[in-house]
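See structure below.
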Amino acid sequence: MERRKFIQSTAAAGALAGIGSLGLLSFTAAKKPKHITILHTNDVHSHIEPFDNGHAQYPGMGGAARRYTLINQIRQENPHTLLLDAGDIFQGTPYFNYYGGELEFKLMSKMRYDAATIGNHDFDNGIDGLLAQLPHAKFPFINANYNFDNTVLEGRIKPYQVFVRDGIKIGVFGVGIELKGLVAKKHYKETEYHNPIDTAKTIVKQLREEEKCELVICLSHLGYEYRDDKVSDQKLAAATKDIDLIIGGHTHTFLPKPTVALNAIGEKVLINQVGWAGVNIGRIDFYLDSSGKKNGGGAAIIV
């Protein structure tokens, strides 16, 4: 199937996994020789435990234990699964105040996250505090538009990571929001911010042409959309090409299904974000033929 038709049909199958009582809605392609499942979270903000049963918005929802159980169930259904996070892992409960991020990273490692990008709140204990917790993360952190030269994170953060699932090469890269004015300078020190759109164009070309990736995913901590000219996931999608999926964070946006946006050459790209606090897990299913060409399809788990 052509890429445009693939994106359109896959978007109809957008995915939210509410970590509470679950129901299942399926959307299946007629032909699916290669099946890749993308699971994702964003802005979990140190919510280790579920919300109290009396919570006004999310009674009994969320929690690391339920997330772990759900992830394992989906992996049993499809072993060709990637688990990703779009940043702001830290800050929000006393677990962060007491453990400084150690518990969050250990639990994510137990869940076997494949990669995460860096959110602005992940600098809340400073760049040195983030470095101190990295040994507890058994997964890579990826960001392409922060230059960490001359900082303690130099050489420790990758611009992208290539994964292979069911014989399909998947390139995942990260971009983050401008830290100036949002994070105290003393916390990010000499970290340099580069324009995420320009960065994305360079990285995507590398992933497509040099790494020969059939799927390209952006882990973004830019925010879904703004009223001003601030760079967002929507603007990133419109200004680039060859990105299949943008997994967003920062604005805590609950999307009932992925947004279908047009890229710089009029092709469709998916944008998804699943709120905050680990209440939801996003799920997108890609189906490809043996040559890596995409066929529409997907499944959604909903509350």
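Rule-based calculations on the coordinates, nothing more; no lab input. The structure displayed is predicted, hence computed values, not measured ones. In this analysis, Cβ positions are derived from the backbone assuming ideal geometry, glycine residues included, and neighbour counts consider all displayed protein chains.
Decide, for segment 97-163, between rounded, prolate and oblate: order the square roots of the alpha carbon gyration tensor eigenvalues as a ≥ b ≥ c, take rounded if a/c falls under 1.5, and otherwise choose prolate if a/b is larger than b/c, else oblate. If you can, show how the numbers build up before the last one.
Working: a/c = 1.97, a/b = 1.09, b/c = 1.81.
Since a/c reaches 1.5 but b/c is at least a/b, the shape of segment 97-163 is classed as oblate.
Please compute the modelled spin-label separation between LYS189 and TYR226, points set 7 Å along Cα→Cβ, answer in nm with one decimal.
2.7
Quick one: if you stick a label point 7 Å off each Cα along the C-beta vector at ASN150 and ASN53, how many nm between them?
5.7
What's the local net charge at TYR113, with K and R +1, D and E -1, over the other residues with C-beta under 10 Å away? Before the final figure, lay out each step's value.
Working: positive: LYS110, ARG112, LYS138; negative: ASP85, ASP114.
Neighbourhood net charge equals +1.
Normalised by the residues of the chain, what does the relative contact order come to in percent, with Cα pairs under 8 Å and at least six apart?
On the way: 775 pairs, mean separation 95.2, N = 303.
Rounded, it is 31 percent for the chain.
Using 28 Å as the Cα-Cα cut-off, could you pick out the over-long pairs in LYS189/LYS241; LYS212/LYS235; LYS180/LYS201; LYS138/LYS241; LYS169/LYS201? Show your work: numbers first, answer last.
Details: LYS189/LYS241 33 Å; LYS212/LYS235 25 Å; LYS180/LYS201 23 Å; LYS138/LYS241 31 Å; LYS169/LYS201 19 Å.
Pairs exceeding 28 Å: LYS189/LYS241; LYS138/LYS241.
Tell me, in nm to one decimal, what length is gained between GLN73 and ASP198 on full extension, where the rule is 0.36 nm per residue of separation less the Cα-Cα distance?
Working: separation 125, 0.36 × 125 = 45.00 nm, distance 3.84 nm.
Full extension of this stretch gives 41.2 nm more.
Apply the Karplus curve 6.51 cos²θ - 1.76 cosθ + 1.60, θ = phi - 60°, to the phi angles in segment 197-205 and return the couplings in whole Hz, x for Gly and Pro.
Rounded to whole hertz, the list is 5, 4, 4, 4, 4, 5, 5, 4, 4.
For Rg/Rh (Cα atoms, Kirkwood Rh), which listed value, (i) 1.09; (ii) 1.06; (iii) 0.94, comes from the coordinates shown?
This structure yields the entry labelled (iii).
Out of segment 100-139, which trypsin sites (Lys or Arg not before Pro) are coil in DSSP terms and have no more than 12 other C-beta atoms within 10 Å? Intermediate results must be reported in sequence, preceding the final value.
Values: sites: LYS106, LYS110, ARG112, LYS138; in loops: ARG112, LYS138.
Those satisfying the criteria are LYS138.
Alpha carbon centre of segment 128-175 versus segment 198-243: separation in Å?
For segment 128-175 versus segment 198-243, the Cα centre distance is 16 Å.
I need the shape label for segment 38-153. Rule: rounded when a/c is under 1.5, else prolate if a/b > b/c, else oblate, with a, b, c from the alpha carbon gyration tensor. Before the final figure, lay out each step's value.
Working: a/c = 2.10, a/b = 1.27, b/c = 1.65.
Oblate is the answer for segment 38-153, as a/c is 1.5 or above yet b/c matches or exceeds a/b.
Run through the DSSP bridge list for segment 3-302 and note the antiparallel percent, rounded to the nearest 5.
Numbers: 30 of 52 bridges.
Beta bridges within segment 3-302, antiparallel portion: roughly 60 percent.
What is the magnitude of the charge dipole of segment 3-302 about its Cα centre, with +1 placed on the Cβ of each Lys and Arg, -1 on the Cβ of each Asp and Glu, and no other charges, expressed in debye to the nearest 20?
1020
For n ≥ 4 DSSP H runs only, could you compute -39500 (n - 2.57) per run for the chain, divide by its residues and tell me the 222 nm figure to the nearest 500?
Values: 8 runs with 67 residues, N = 303.
It comes out at -6000 deg cm²/dmol, rounded to the nearest 500.
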